[in-house]
Amino acid sequence: SFARYGVSLYFSICYAAPSLVGPAAQRIANASLDPANPAVERWWRAKAREIHALMPHNFGGFLVKADSENHIGPGTFNRTEDVGANMLATALEPFGGRVLWRAFVYNLNGLKDRDRAVQAYLTFKPLDGKFKDNVIVQIKNGPIDFQVREPVSPLFGGLRQTNVMIELQAAQEYTG
C-alpha cells in the first residue's frame, strides 16, 4: 500500500465518463453532462464512493483535463471551469479527496480567436477565489504547451485566492 509512505493515488478521469461507463441504460447522454445537472452530480458522488470503498486509505481524488484537445468540460455547457471543478470537489468531500483541475484550456467561451498564450489566463483569472478548498488548479509551467522557450504562466501571479500547483514536463519534447 502506498498509504504507509504518505502517497495518495489520483484517478485521471474523463469528464464525459457518465456517458461512457456502465450499462448503456444507466449512462447519461452527452448532451446532459452539464455539471449543474443533478444526475451528473449523483453519478460522480456514487463513483467517488465506489472508488473510496475499494481503496479507503490512499484515494486522493481526481485529476481532470476538460475543455481542451477535444475533451468536453463545463465550457461545453456554457459553464465556467469552477462549476465543473466544484461539482467534483463536492463528490469527493466526504472522503477528504481533492480535484486537480488542469488549467490547460483553449477555444472556449468566445476565446477561439484569441492568442492561445492568454486563453488560460482569461478563463481562470475571473474565477479566482471561486474554487472550493479541495480544488487545486494545475498550471503548466508556461502558457502554451511545454515549449523550449516560453515565459512562466501568468496564472501563477494571477490566482491569489485559489489553490494552485505547477505542472512540469519530465520528458524532452518540442525541441526541434
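The values are calculated or read from the model by the stated rules, or taken from the named source; none is laboratory data. Here the structure is a predicted model, which means the values were calculated and not measured. Methodologically, a virtual Cβ is constructed for each residue, glycine included, from the backbone with ideal geometry; neighbour enumeration extends over all protein chains shown. Areas reflect the complete protein model, heavy atoms only, side chains present, ligands, DNA and RNA absent. Shrake-Rupley method; radii C 1.70, N 1.55, O 1.52, S 1.80 Å.
Inspection of region 30-40 identifies at least one residue that is under 18 Å from the mean Cα position of the chain (by Cα) and without any contact (Cβ under 8 Å) to a residue 40 or more places away in the chain.
Screening region 52-83 for residues that are touching a Gly at 6+ places or on another chain (Cβ under 9 Å) and of a type in the set (A, V, I, L, M, F, W, C) and picking the one that is farthest from TYR15 (Cα to Cα) gives PHE59. If the condition is being among the hydrophobic types (A, V, I, L, M, F, W, C), open to solvent by 40 Å² or more (accessible area, probe 1.4 Å), in a helix (DSSP H, G or I) and within 20 Å of ALA29 (Cα to Cα), then region 41-95 contributes TRP43, ALA46, VAL83. Within region 2-53, which residues are of a type in the set (D, E, K, R) and closer than 16 Å to VAL99 by Cα? Matches in region 2-53: GLU41, ARG45, LYS47, ARG49. Each residue in region 156-176 was checked for being at pLDDT 90 or above and open to solvent by less than 60 Å² (accessible area, probe 1.4 Å), and 5 pass.
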